[in-house]
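Comments concern the structure below.
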């Protein structure tokens, strides 16, 4: 009978209590109304939103990008902002779980009323919200993902623009290099079985570099590299692979090198896709395992990688110099050590500022999309390759240069003079690219003519 | 005898129907006054409420602790997404079929778990929650690996917009979830009030006595799993409709979220399931609203919701295991 | 053959750690009738403390000892602050049934896990860090081939086997150990015969906390340290404990090595996508064929 008592409670009390709870929920999370005609733009402010994994297993390295972007925006604000408007960056942590990304996107759009999304990180998580963002006509600028599916069909995703060169373009360019220089070697790959790893394999195959599953191709589930890649390295070793391509993030590259080291496996050449070629993460992880910085630098030395931007170690580069200064002065993040992630964040900040300036005083959502689509040539950044935005594609950097790490963990051009290569995300050929990067102004602010 | 029980069943059904109608009116009223953000949050409450009910029925009523409801949600989500993307089914067709799919998964799980209970069952279901999403990579060509299958609620049909005007996307999400949540509520309420619910409680309270009194113990246990899996599958299908069905949509933490909601609200009551869901969905917003002025660093603020909900979970089981709804019930009894 | 040896070695060193985790689970299960899902959260927390000490210039061994002591203290605190008040609530309506008495502590331990992970994130940030090993992590050479088996692995296996031997001796030979066994078998009878059951229960928690902290210290050098890295280890440890028999310390060790081997051979010979499915398959197989585990007692309570 006791149980019955609990069940025969009158529905009225259920309803009244539920109503009180919901009213409370509403009261505490009420959203202030906004009157502006274009959401997120007022006379004094432009609000931008960004989603990324700030915590959780996928966050290392990436959680520095937003701090760098904010540092650049703070610098712009200190110089008077964009047409007198301050840039505010609202970031949301989705811990790389797509179910959460939907909620954080809703919060950015409906609660923070952002003008645009900018620099969001993560392919799977972005897939869950890209359609909704596009349907609402919200600019989805400079996404930090090289997944070509987001950019190559602007009819499908008209408001989404890339913020990285695509994985396929990079893999095709590296593939050409492998084909030409390591024809006599046994080339193998270790890659994570997600869009990034698979696009890399696809791009390499387009360039004629193919692998045999379970023999010269070793795989792991993205995120499981923490428990070591012993089996994968043993597999490549057993198949006499002497050139190892790494299609994985930096912590997995570090795990692969540590495992290879453990089993005495010394491939003649490591080739790492740029996403994984982050010297800081590499050295931090190995360093904490008791491998001192000098030794880990030695392990990295000679590794081939590609990049669309200058190496963060190129101290003479004018963009590197300017961004480094801004990072020192304005970055308030917990870890502001200068590296690829910071450089990329600064670069997206610079690019965003250019686009906001170019779109003019009368800032609207369609206006900025139209501007980016038709003025790619006027937009520039620290990158050594131009931006590919047009009405046909929304891919970002169309070129990569190939380099080799020196003993001081700086990526140096492999040719005597730096050659930048370009191709498309489909079957097109890889050709050399002539591009002169516009100089950075003395005040490190973009100038849009 | 039979006539009496028929009349009783009718009165139970009437009671459940009354509850459901009140619930629908309440949600519609709340939904129409909410801003889009809270409408989306409310839609999420309805979706997760169904999943939490699956925990209430399985754990609260029949005493079997599962940490793998997220895996059953994934089954529902994938069934629906495959039917929608490959067969071109509408969501109104795909969701009921997805419920059948997850019921079958529940049957399998029930058969293999019927002899387990307590921590054994909890641990095994936890391993299941971990293993099921990796199937997406195992069967890449069909399940599309980490990228998953993008699906959404789409646009309202013409007759709807003709009758009620053009709803915002958030409102439409809410209106799609509402009928399913209402049906789930009706069935859960019916089960709890009826003889079935009594039998399930008997399983929980006195395993031996239940089997002696003629309840087919293991068949009922499997049945509980099937019903619970159907609820979870429905919740998972609707959860996927928010944008994507993929492994990162149904992580292990989702299973734990459902359990937390069920316990905080009161693991034995439907009302508790609803309150608990409201708590876990709105908690981050409440914390944000309260601590907004403190300028906490990201490092602290990102972890606060998890910290608070875990602390609430511990406090609930130690101080007031019956949850929010339980307190309510207590007062009621002493009146 | 190389791959075979490599898989064997890798399975041995991993298996040793899973055995330790399983041992921790078994001790609390025997001592308090609770499966502690927060166990590797405690280990993560104490390993972070060790990591911070080492970064601040303390010696590895000091940090090592401190972490183990912290693990033990944390175990006792959990017992006194959460689990004991819970078991005193047995008379309330919600906990009147046996199934709920088994479920509620599991839920409480999940809450504790959540609190520890959130706290670790707040205190040490969520970034992954490594954790040093006291011995070289370069493989031995066997017949001209370098194997994935290092001096550190030897250290791991030695420590685990010593811990196991000491635990067995403790339970069999010391008065306290016998009292703990008695409490585990029947706490009412134990209390009536004058055993301080609260004390022996807390001692189980301390033991388990220390053992799991040790596991944390031993596994993080080959993986990375972050608030979530040890979740998977707990799940594997649980499987190992069930395979060996939840109430048998020796079974836990056998289960640990067995599961370690399965995981190793699947990842060396199969594909890494299948590791989780393999764990699930092993678990279901054991639960169907021999639910009490390899060395589990016949009348083991499987509530």
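Computed from the coordinates by the stated procedures, all read-outs in this text should not be read as laboratory data. Not measured: the values here are computed from a predicted model. Cβ placement follows ideal geometry from the backbone for every residue including glycine, while neighbour counts extend to all protein chains displayed.
Among B:161, B:125, B:59, the largest mean-square fluctuation in a Gaussian network model of chain B, built with springs joining Cα atoms closer than 10 Å, belongs to B:161.
Sorting the segments A:340-350, A:179-189, A:72-82, B:12-22 by their mean number of nearby beta carbons within 10 angstrom, highest to lowest, gives A:340-350, A:72-82, B:12-22, A:179-189.
With a ≥ b ≥ c the root eigenvalues of the C-alpha gyration tensor of segment A:56-156, is it rounded (a/c under 1.5), prolate (a/b larger than b/c) or oblate? Because a/c hits 1.5 or more and a/b exceeds b/c, segment A:56-156 counts as prolate. Derived from the Cα gyration tensor, the three semi-axes of the equivalent ellipsoid of segment C:1-140 are 33, 21, 13 Å, largest first. Where only DSSP H runs of four or more residues are counted, the protein assembly as shown gives -19000 deg cm²/dmol as its mean residue ellipticity at 222 nm, each run worth -39500 (n - 2.57). Of all beta bridges that DSSP places with both ends in chain A, some 35 percent have antiparallel geometry. In terms of other Cβ atoms within 10 Å, A:111, A:447, A:324 run from fewest to most in the order A:447, A:324, A:111.
The simple spin-label model puts a point 7 Å past each Cα toward its Cβ; for residue A:239 and residue B:139 those points are separated by 2.6 nm. Taking every residue in A:192-203 and counting other chain Cβ atoms within 10 Å of its Cβ, the average works out to 2.
Given axes a ≥ b ≥ c from the Cα gyration tensor, I'd like to know whether chain A is rounded (a/c under 1.5), prolate (a/b larger than b/c) or oblate. Oblate. Classify chain B: rounded, prolate or oblate, from the alpha-carbon gyration tensor (a ≥ b ≥ c, eigenvalue square roots; a/c under 1.5 rounded; otherwise prolate if a/b is larger than b/c)? Verdict is rounded for chain B. Projection of the Cα convex hull of segment B:1-131, averaged over all directions and equal to a quarter of that hull's surface, yields 11.5 nm².
A Förster radius of 30 Å combined with the Cβ-Cβ distance from residue B:320 to residue B:300 puts the calculated FRET efficiency at roughly 0.60.
Averaging 1/r over each pair of different alpha-carbon atoms in segment A:168-307 and inverting the result gives 14.6 Å, the Kirkwood hydrodynamic radius.
Taking other C-beta atoms within 10 angstrom as a stand-in for reagent exposure, B:172, A:401 fall in the order B:172, A:401, fewest first. Convex hull volume of the C-alpha atoms in segment A:311-449, normalised per residue: 145 Å³.
Taking other Cβ atoms within 10 Å as a rough exposure proxy, B:158, B:249 sort from fewest to most as B:158, B:249. All alpha carbon pair distances within the protein assembly as shown were sorted into 20 Å bins beginning at 0; the resulting P(r) in whole percents reads 12, 43, 35, 9, 0. Between the helical axis of C:175-185 and the longest alpha-carbon principal axis of chain C there is an angle of about 70 degrees.
The peptide list B:129-136, C:191-198, A:402-409, B:49-56, put in order of mean Cβ contacts within 10 Å with the highest first, becomes B:49-56, B:129-136, A:402-409, C:191-198.
For chain A, set up a Gaussian network in which alpha carbons nearer than 10 Å are linked by springs, and say which option among A:363, A:164, A:108 fluctuates the most. Result: A:363 has the largest fluctuation of those listed.
Mean partner shielding of peptide A:56-68, defined as the number of other chain Cβ atoms within 10 Å of each residue Cβ, is 3. Taking B:238, B:312, B:121 in turn, the Gaussian network model of chain B (Cα-Cα springs below 10 Å) assigns the largest fluctuation to B:312. Packing, as the average of other Cβ atoms within 10 Å across residues, places the peptides A:437-444, A:232-239, B:24-31 in the order A:232-239, B:24-31, A:437-444, highest first.
The modelled label-to-label distance between residue C:169 and residue C:5, using points 7 Å beyond Cα along the C-beta direction, is 3.4 nm. Distance distribution P(r), segment C:175-303, all Cα-Cα pairs, bin width 10 angstrom from 0: 12, 33, 33, 17, 5, 0 percent. The label-point distance for residue B:216 and residue A:266, in a model that sets each label 7 Å from Cα toward Cβ, rounds to 7.0 nm. Taking the empirical scaling 2.2 N^0.38 Å for compact globular proteins as reference, chain C has a Cα radius of gyration ratio of 1.00.
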